[in-house]
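Worksheet: the structure to be examined is printed underneath.
The values are calculated or read from the model by the stated rules, or taken from the named source; none is laboratory data. Just so it is clear, the model here is predicted, and its values are computed rather than measured. Heads up, the Cβs are rebuilt from the backbone with ideal geometry, glycines too, and the neighbour counts pull from every protein chain shown.
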């Protein structure tokens, strides 16, 4: 059987929680539960998967429009630094 707890939140945290719940179409309690599971997992060292597994959905998610950025990153960095000096 599930246990119920009561938590008092500052107004700004409550508003943030409500906004996220609305955006994600989840209940506030679901978000709090997920946050607690994540926090406890980090404290206890029970993170799921490797670091790569945790970020693989983000890889390739940003397009710079520069086709050879990975190969010529130094050249682009120097050019950018010169423009800002």
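Structure data summary
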{"quantity": "Single condition residue 76 does not satisfy, out of (1) in contact (Cβ under 8 Å) with a residue 12 or more places away in the chain; (2) more than 30 Å from residue 14 (Cβ to Cβ)", "calculated": "(1)"}
{"quantity": "Among residues of segment 1-18, those that are over 16 Å from the mean Cα position of the chain (by Cα) and surrounded by 10 or more Cβ atoms within 10 Å (Cβ to Cβ), counted", "calculated": "5"}
{"quantity": "Some residue of segment 34-51 being surrounded by 10 or more Cβ atoms within 10 Å (Cβ to Cβ) and in contact (Cβ under 8 Å) with a residue 12 or more places away in the chain", "calculated": "no"}
{"quantity": "Top-ranked residue in segment 23-59 [being modelled with pLDDT of 85 or more and over 23 Å from residue 5 (Cβ atoms); ranked as nearest to the chain's Cα centre (by Cα)]", "calculated": "23"}
